[in-house]
Amino acid sequence: RVLFRSNLAQPPYILPTNFMSLTPEQQGFVLANLDRLLYGLPPIPGITAALSEDAAVGVQNDTDPRPSDPNFNYFTSNWAGGFYNMPLAYEAWMYDDGPGSGNLDCNSSATSDCWGHRHDVLWSFDGTNPLAMGVSAGTDAAGSTGFAMLLGEGGPGYAPVYTYTWARAVAAGANG
């Protein structure tokens with residue numbers, strides 16, 4: 001059963017006014033932060049090039065990405081293939097990830113793996129070190145579309161350099 005945000009009596013997304021002109025990566029970042037805020041979690045401050053490169057490896061290999069930086073304390077990640085665009089891939093992670101969905105990890109013999117993508121987006125990091133996100137949209141070696149997202153908390157001394165920030169999205173109207 002597909003669960004849309006509206007089916008859960010949740011308010012509509014308040015997107016930045018420039019959402020349609022954002023890159024797929026920026027769109028995924030905005031959607032994830034809007035859901036994190038809805039559930040009382042802090043937004044991820046920004047996207048980094050390094051984590052986005054790691055997410056691109058996930059897209060190329062059709063798998064959940066991992067940070068290449070060994071100093072990450074915690075991370076979660078998602079991959080989706082075959083979707084037309086990032087908002088549709090993201091919707092599947094958040095609202096169509098349970099029994100009867102296309103989530104390959106969620107089946108009648110392994111229902112404990114249902115909603116894992118949603119849990120990854122809504123992971124509550126301990127917040128002792130900076131948070132960052134990497135997002136990628138592209139194609140694998142066979143030319144199939146894929147999308148990947150990597151959320152993480154760096155270790156002590158991690159100083160992310162953000163290429164797109166939540167503050168920028170908010171300035172453009174995200175979250176009203």
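The values are calculated or read from the model by the stated rules, or taken from the named source; none is laboratory data. Everything numeric in this text was worked out from a predicted model, so none of it was measured. When we count neighbours, we look across all protein chains shown, and the Cβ atoms used for this are built from the backbone with ideal geometry, even at glycine. Calculation scope for accessible area: heavy atoms of the full protein, side chains included, ligands and nucleic acids excluded. Shrake-Rupley method; radii C 1.70, N 1.55, O 1.52, S 1.80 Å.
For the reader, a short list of remarks on this structure follows.
- For region 1-68, a crude dipole built from +1 on the beta carbon of Lys and Arg and -1 on the beta carbon of Asp and Glu, taken about the Cα centre, is about 340 debye to the nearest 20.
- Cβ-derived FRET efficiency at R0 30 Å, Ser124 paired with Asn71, nearest 0.05: 0.90
- Between Leu104, Ala172, Pro87, the Cα set farthest toward the positive side of the dipole of region 21-176 (charges on each charged residue's Cβ, about the Cα centre) is that of Ala172.
- Contact order for the chain, expressed relative to its length and based on alpha carbon pairs under 8 Å spaced 6+ residues apart, stands at 35 percent.
- Hydrodynamic radius (Kirkwood) for the chain, which is based on Cα pairs only, to one decimal in Å: 16.2 Å
- The simple spin-label model puts a point 7 Å past each Cα toward its Cβ; for Val57 and Asp140 those points are separated by 1.7 nm.
- As a fraction of the 1.4 Å probe accessible area of the chain, surface on carbon and sulfur atoms comes out at 56 percent.
- Of Ile47, Ile14, the residue with the largest accessible area leads and the full order is Ile14, Ile47 (1.4 Å probe).
- The chain: DSSP helices with Cα axial extent of at least 24 Å and average Kyte-Doolittle hydropathy no lower than -0.5: none
- Normalised by the number of residues in region 120-176, the mean separation of alpha-carbon contacts (under 8 Å, six or more apart) gives a relative contact order of 33 percent.
- Each residue, Thr111 and Ile14, gets one label point 7 Å from its Cα in the Cβ direction; the gap between the two is 3.7 nm.
- Residue-span extension gain [Thr23 to Ala172] - 0.36 nm each, minus C-alpha spacing: 52.2 nm
- Per residue, the solvent-accessible area of region 1-58 (1.4 Å probe, heavy atoms of protein chains only, all protein chains present) comes to 47 Å².
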